[in-house]
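Down below is the structure, laid out as structure tokens.
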């Protein structure tokens, strides 16, 4: 056992909730709320329906001790199936949080894993639930940074966020250090090392691989619990990754996640915000715009350029996202699905948009996501945004109320006024007498019924 793994095991299995900073627990509650909003809003989308039905078909359990209800559904499947279904559903509405240094997403697996695991922790307190959330973020984030630093390919988040699921399961199911070690090794070995830029070039329901990350992570934890052995996780135990784990328990990655104001790939957000700032400053409408020139980092310039025919393509299209915001002043679920994909006004504005790579913006990626936008108006003006960083992260944070308002916007079409009640309940989990079941009871519906 290496010194790094010993540090990880001590943190995962023995660090109590009251020895985690209040600020980290507050951030965990806010990210839990934000992710639940995306889980709820994505429930009727095709990818989520397919994922839940497939989990019911293929990932059931013969033992109630290893089963859980699916979020936004209520049917019982295996623990792994429940985590898979909710993570896949959430991943297909690209509005969930992320962490710049990992070039990916953590909450998309952490929240589904928490809800599945909590089915067998009826007395789980609010603070202990948030401590499990923090554990998932801290382990997954460092595993992601370590993996990116030691391999040449750009892989999806499922490759490393699976390790965060293992850590949460080990904490909540009372695993031994050896079971944790084996689980982490199994999850890393089987984690989906899928090619992110392949998905960017041809957007589909595969998205960021997080459904499979959740499935692998939960499966790995239960395999280890039952005595299955795995090779040590090199993203934790190899000597050259030790520096990435040295600050575990002192620097809280939990407090540095970004929140997405739009359900669009984060790489497009700086351009959207640049357009937004110019249109607001000069009180522009889309019909006053002759041309929009966007300069951003390399990865952003590789986003889907055509007119999207699917929700997946829409969420990975920078020109489409910018055009939608120019026309509607916001980007909602209705704009990236169904009739929103056939909006002729948006298509017309897309024809006036050009995207080019900026070397100075590329040099800042992945730590930062920058863009600058120039708008040429029909009356001959050239209006410039200057360099703009995407909102929602530490560089340009959204306020706590902004995050709450976003949750209500996404959840209320399905929950109505109960969205406000759920928001209050989630944020109250920081209180010492709070119980997680008060949240859990509000995020399931009986099979075959609606909210």
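Roughly how many nanometres apart are two label points built 7 Å out from the Cα toward the Cβ at residue 62 and residue 152?
Each label point is offset 7 Å from its Cα along the Cβ direction, giving 4.6 nm.
Need the full-extension length gain, residue 176 to residue 22, defined as separation in residues times 0.36 nm minus the C-alpha distance. One decimal, nm.
This chain segment gains 52.7 nm when fully extended.
Taking N as the number of residues in the range 339-451, what is its alpha-carbon radius of gyration divided by 2.2 N^0.38 Å?
Scaled against compact globular proteins, the figure is 1.60.
In the range 266-389, what is the volume of the convex hull around the alpha carbon atoms, normalised per residue and reported in Å³?
89 Å³
Could you work out how far helix 269-281 tilts from the main Cα principal axis of the chain, as a 0 to 90 degree angle to the nearest 10?
40 degrees
What would the Debye formula give as log10 I(q)/I(0) at q = 0.14, 0.18, 0.24 Å⁻¹ for the alpha-carbon point model of the range 69-183, no solvent?
-0.57, -0.92, -1.43
For the Cα atoms of the chain, what angle does the longest principal axis make with the long axis of helix 46-58, in degrees from 0 to 90, nearest 10?
Long axis of 46-58 versus the principal axis of the chain: about 20 degrees.
Distance between the C-alpha centers of the range 210-228 and the range 98-167? Whole Å please.
If you average the Cα positions of each part, the centres end up 13 Å apart.
Working only with C-alpha atoms, what are the Rg and Dmax values of the range 247-305, expressed in angstrom?
Gyration radius and largest Cα-Cα distance of the range 247-305: 16.1, 52 Å.
Please report the Cα spread of the range 168-212 along all three principal axes, rounded to whole Å, starting with the longest.
43, 18, 10
Å³ per residue of the Cα convex hull, for the range 191-256?
150 Å³
So if the hydrodynamic radius of the chain is defined as the Kirkwood radius over C-alpha pairs, what does Stokes-Einstein give as its diffusion coefficient at 20 °C and 1.002 mPa s, in µm² per second?
98 µm²/s
Can you compute the helix-only [θ] at 222 nm over the chain? Use -39500 (n - 2.57) per DSSP H run of at least 4 residues, normalise by all residues, nearest 500 deg cm²/dmol.
-15500 deg cm²/dmol
Helix 400-415: angle to the longest alpha-carbon principal axis of the chain, degrees 0 to 90, nearest 10?
80 degrees
Give the peptides 18-28, 357-367 in descending order of average Cβ contacts within 10 Å, highest first.
In descending order of packing, they fall as 18-28, 357-367.
Grab the Cα-Cα distance for residue 328 and residue 395, subtract it from 0.36 nm times how many residues apart they are, and report the gain in nm with one decimal. Don't skip to the answer; put the middle values down first.
On the way: separation 67, 0.36 × 67 = 24.12 nm, distance 2.61 nm.
That pair, residue 328 and residue 395, stretches by 21.5 nm at full extension.
Throughout, read-outs are computed from the coordinates displayed, never taken from laboratory work. Keep in mind that this is a model prediction, so the values were computed, not measured. Positions of Cβ are generated from backbone atoms using ideal geometry, with glycine treated the same way; all protein chains shown enter the neighbour counts.
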